[in-house]
Structure formats: C-alpha cells, structure tokens
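Coordinate-derived values only; no laboratory data. None of the values given here were measured: they were computed from a predicted structure. Methodologically, a virtual Cβ is constructed for each residue, glycine included, from the backbone with ideal geometry; neighbour enumeration extends over all protein chains shown.
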Amino acid sequence: MFPSVFSGGIIAKAVRHGLLDVQVHNLRDYATDKHQQVDDRPFGGEEGMVFKPEPVFAAVEAVRGSAETAVYLLSPSGRRFDDCLAREMAGRPRVVLICGRYEGVDERVSGNLVTDEISIGDYVLTGGELPAMVVIDAAARHIPGVVGKEGSVRKESFADGLLDYPQYTRPRDFRGLTVPEVLFSGDHKKIEVWRRRKALEKTRRRRPDLLARLSLSPEDRMLLDETQEERNEQ
Ligand code: 4GX
C-alpha cells in the first residue's frame, strides 16, 4: 500500500532530496513462532483477532533506534490528529507509526511501548495504514524544503488557525462568473486585507470552533465586526 502513495509526487521528491525517509516494515518479519503468527484470539472470548505483543515489541525495538524515539499507534481511540501534531512530528528526527488491523493490538503495547495513540477522525477503517500515510503526508509538508515555496505552507489553512481565503485564476469571466475587482487593483495592502477578511468570514461561517480557539488581533476583530455589520444591513 505504501509505495502506491509515496513513490510519486511531493513526498517521493522530498525523499530523493534526502529531506525525509520513509521505511515500511512488515510485522510478520518479527514474528517469533514458526507460523510467523502476528495475531491471536482475545482472552476472555469474543470475535476477532488481536495483534500479539511480541512481534510488535520486537519490530519497534528493532527500528526505533533510541528508546527516546516517539512511537505512535494509529487507533480510533487516539488523540485527534491535527496540523499542530503534524508540525510537532516534523520536528522530530524519527517517529515510529504502528498500523494495527482487526480489533486492535494487545493493551500491553499501547500501555508500555507507545508514546501516544493517534486518531485521524471519528470513523473506523480496516487498518492503520491509510491513517499512517495521512499522518506522514501532513507531517512531511512541515519539513523545511518539502513544499516548494516557504510561503505555501505558511499561507495555507491552519498555519494561522484560519481556513483559506478564496483563490481565483484565469479566465477573468467564466460563464458570467467574475473575479472580485479588488484582485485587479494592484493594491497589495488592500488585497491582503480583503483576503484576511474573507478567511475570517469563512472560518466563522464554517468552523466557528476554530475561530473560538484563536485570540484575534484588534485588526482582525475589526474586519470581522465590519462583515457582521454588512450582514445586519442585509
Ligand atoms: N484513526 N483504524 C486501526 C485497528 C486498531 C484498533 C485499535 C489499534 C487499536 C483509525 C482511525 C482506524 C481502524 C486503524 C482500526 N489498531 N486509525 N485499526 N480512525 O479507524 O486512526
């Protein structure tokens, strides 16, 4: 699954440039019994299978290098993954991501080997591989040099806790749908203020939870109050 995602695009390019390295390890290679069994039936009964502790411990201990290395388990019961955590990971020299399958992993793994459990959202997938790829992709973007221009990470959503402002490209008139005049004004300060206002407005409308977490500057407050007034006039 991993090469299908990481053998092309921005991540592959970053790997070629030595900005990051992605290594995939097969848990089965660390199985200790002759059947190379990595899962077993849960004690106490119930359907399904659980990852045995021995192969997971052996695999993580073999690849983590230092015992200080952060080890994350992808799991629906984990801490919600967000761009803040992505940035935190990007700052680490190495992270280990454990991808579980079935009903999960033996609790002694989560309790004694894992630094943090991470969830990418409130839905249940068939394995931790897709979440791991999501996490790697989001974290990689924060490694300096991975995303083309320094600014393209900074100016995008979440860098400042706001959603993106609207973007337009040619043509200026598409089926009668036109581009806001301000973008042709050549007045960079005016454009910057317009974009900021649009980002604030959109965030308030779509993600009031994000806005509530921010401490807005007096300038931002004013921009939002202006749009509030415009709405009241309508
Ligand atoms: N965000 N899954 C992991 C197996 C499992 C269960 C419990 C460890 C503990 C998911 C998510 C997710 C499905 C990946 C169950 N492993 N992971 N898998 N949402 O749904 O991260």
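Computed quantities for the displayed model
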| read-out | value |
| --- | --- |
| Among beta bridges that DSSP assigns inside the chain, antiparallel share in %, nearest 5 | 30 percent |
| Descending Cα extents along the principal axes, the chain, whole Å | 72, 41, 38 |
| Virtual spin-label span in nm between residue 228 and residue 160, 7 Å along Cα→Cβ | 2.0 nm |
| Relative contact order (%) - criterion: Cα under 8 Å, at least six apart; region: the chain | 16 percent |
| Percentage relative contact order, the range 1-105, counting C-alpha pairs under 8 Å, at least six apart | 24 percent |
| Low-density loop positions, trypsin sites (Lys or Arg not before Pro), the range 136-200 - DSSP coil, at most 12 other Cβ in 10 Å | 149, 172, 175 |
| Whichever lysines have a C-alpha closer than 26 Å to that of residue 34, once near sequence neighbours (fewer than 8 apart) are set aside | 52 |
| Separation between Cα centres of the range 207-225 and the range 11-44, rounded to whole Å | 43 Å |
| For the range 1-64, convex hull of alpha carbons as volume per residue, Å³ | 127 Å³ |
| Placed amide H near residue 119: partners under 5 Å, 5+ positions off or other chain | 75, 78, 79, 80, 81 |
| Other-chain or far-sequence residues with amide H under 5 Å of residue 39's (modelled H) | 52 |
| Value of [θ]222 nm, deg cm²/dmol, for the chain, DSSP H segments ≥ 4, -39500 (n - 2.57) each, nearest 500 | -12000 deg cm²/dmol |
